[in-house]
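Novice: There's a structure below that I have some questions on.
The values are calculated or read from the model by the stated rules, or taken from the named source; none is laboratory data. Every value quoted in this text rests on a predicted model; they were computed, and no experiment measured them. Note that we place each Cβ from the backbone using ideal geometry, even for glycine, and neighbour counts take in every protein chain shown. Side chains are part of the model used for accessible areas, which takes the heavy atoms of the whole protein and leaves out ligands, DNA and RNA. Shrake-Rupley method; radii C 1.70, N 1.55, O 1.52, S 1.80 Å.
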Amino acid sequence: MVTVVANQKGGVGKTTTTANIAAIHAGEGRRVLVVDTDPQFALTRQLGLEARSLGVNLVDVLAGRATASDAIVPDVHGLDVIAAAGGLAGVEMSLVGELGRERFLHDALETVADRYDEVVIDTPPNLGLLTVNALVCADRVLAPVSAEDEGAVHGILELQKTLAKLAARLQGQAPQLVALITRWSPTRISTQSVEQKLADAGLAPAARIRSRAALVAKAAEQRTPVACLAPHSCVTLAYRDLVEALAGVTAP
């Protein structure tokens, strides 16, 4: 099952969500591959990897210089990882003129997909070609929305449109879009507005991740998922609920 974590709005918790649902899957005994497609390589850093010290990364894979298997870094917090690097921005530009440009990542990952029970892909905060490549791989798309940012709901609506366009272009069925609310607090006024806007769009959140900035910051500083650092925290428990909810989302 391939889960893509996406929202064109930045700062909504995509990377934190990717790291934690992947770590929870691994903790339950699943074989998990994590792929970082963001030129800012936040997920790569959060997992404790330095792109510059790796011989091969996603840049080399998409540029055709290496296979996905060549780029896998094994057993990082129980995960296999294909890391990102800043050079992805240049690769994205070079793909624009290529035939089948939206399928480069899909074709690369297809060669290793049978090794894993779960593949989780983090994306840039936009709907550019790298994100589109990730969406083409998706069995389901997970869209975090920050309770602090009502504008993030607009990002989900644009994502819905993009998924519909891709399905029509590729003559397939769009993957199911699943929303979750990050930085959730029952006392925050904006939380109610975000919840209502999601409901109006037919996207009731699958989970609500409470605002625990200090814990998330500590995990980032130690370069480890919250699920590994504090497995009994409310943040981890909420992500566990999310993983259980996602188990009911079938591939298109």
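Novice: Rounded to the nearest percent, how much of the accessible area of the chain (1.4 Å probe, protein heavy atoms only) is carbon and sulfur?
Specialist: Roughly 50 percent of what the probe reaches on the chain is carbon or sulfur.
Novice: In Å, what is the Rg of the alpha-carbon atoms in the range 116-252, and how long is Dmax?
Specialist: Both quantities, over Cα of the range 116-252: 15.5, 45 Å.
Novice: Amide H neighbours of R31 under 5 Å, at least 5 residues apart or on other chains, H built in the peptide plane: list them.
Specialist: D117, E118
Novice: Using every Cα-Cα pair within the range 38-112, state what percent have a distance larger than 18 Å.
Specialist: Value for the range 38-112 (Cα pairs over 18 Å): 37 percent.
Novice: Given the convex hull over the Cα atoms of the range 75-184, what projected area results after averaging over all orientations, in nm²?
Specialist: 8.4 nm²
Novice: OK, next. Can you give the Rg to Rh ratio for the range 156-215, taking only C-alpha atoms and Rh from Kirkwood?
Specialist: Radius of gyration relative to Kirkwood radius: 1.10.
Novice: Please enumerate, by chain and number, the lysines with C-alpha under 29 Å from the C-alpha of K218, excluding those fewer than 8 residues away in the same chain.
Specialist: List returned: K9, K14.
Novice: Principal axes first, then extents: for the Cα atoms of the chain, list largest minus smallest coordinate on each axis, whole Å, largest first.
Specialist: That gives 51, 40, 30 Å along the principal axes, largest extent first.
Novice: Can you list the trypsin sites (Lys or Arg not before Pro) in the range 1-33 that are in a DSSP coil and have 16 or fewer other beta carbons within 10 angstrom?
Specialist: On the way: sites: K9, K14, R30, R31; in loops: K9, R30, R31.
Within the range 1-33, the qualifying trypsin sites (Lys or Arg not before Pro) (loop, at most 16 other Cβ atoms within 10 Å) are R30, R31.
Novice: In square angstrom, what is the accessible area per residue of the range 10-61 with a 1.4 angstrom probe? Write out the running numbers ahead of the final one.
Specialist: Numbers: 1750 Å² over 52 residues.
Per-residue value: 34 Å².
Novice: Between the range 1-67 and the range 130-172, what's the alpha-carbon centroid distance in Å?
Specialist: 17 Å
Novice: For V73, enumerate residues with amide H under 5 Å from its amide H, sequence gap 5+ or separate chain, H modeled in the peptide plane.
Specialist: V81, I82, A83
Novice: Which whole-number value in Å² is the accessible area per residue of the range 62-162, probe 1.4 Å?
Specialist: Here the residues of the range 62-162 average 39 Å² of exposed surface.
Novice: Then there's this: If you project the alpha carbons of the range 204-252 onto the principal axes, what extent comes out on each, in Å, largest first?
Specialist: 38, 18, 17
Novice: For the range 9-53, what is the convex hull volume of the alpha-carbon atoms per residue, in Å³?
Specialist: In the range 9-53, the Cα hull volume divided by residue count equals 82 Å³.
Novice: Enumerate the calculated ³J(HN,Hα) couplings along the range 239-244 in order (Karplus 6.51 cos²θ - 1.76 cosθ + 1.60, θ = phi - 60°), each rounded to whole Hz, writing x wherever the residue is Gly or Pro.
Specialist: The phi angles translate into 5, 5, 4, 5, 4, 5 Hz.
Novice: OK, next. Where Lys and Arg each count +1 and Asp and Glu each count -1, what net charge lies around V112 among other residues with Cβ under 12 Å from its Cβ?
Specialist: Neighbour charge sum, excluding V112 itself: -3.
Novice: Okay, moving on. Taking the C-alpha atoms of the range 1-137, how large are the radius of gyration and the largest Cα-Cα span, Dmax, in Å?
Specialist: 13.4, 42
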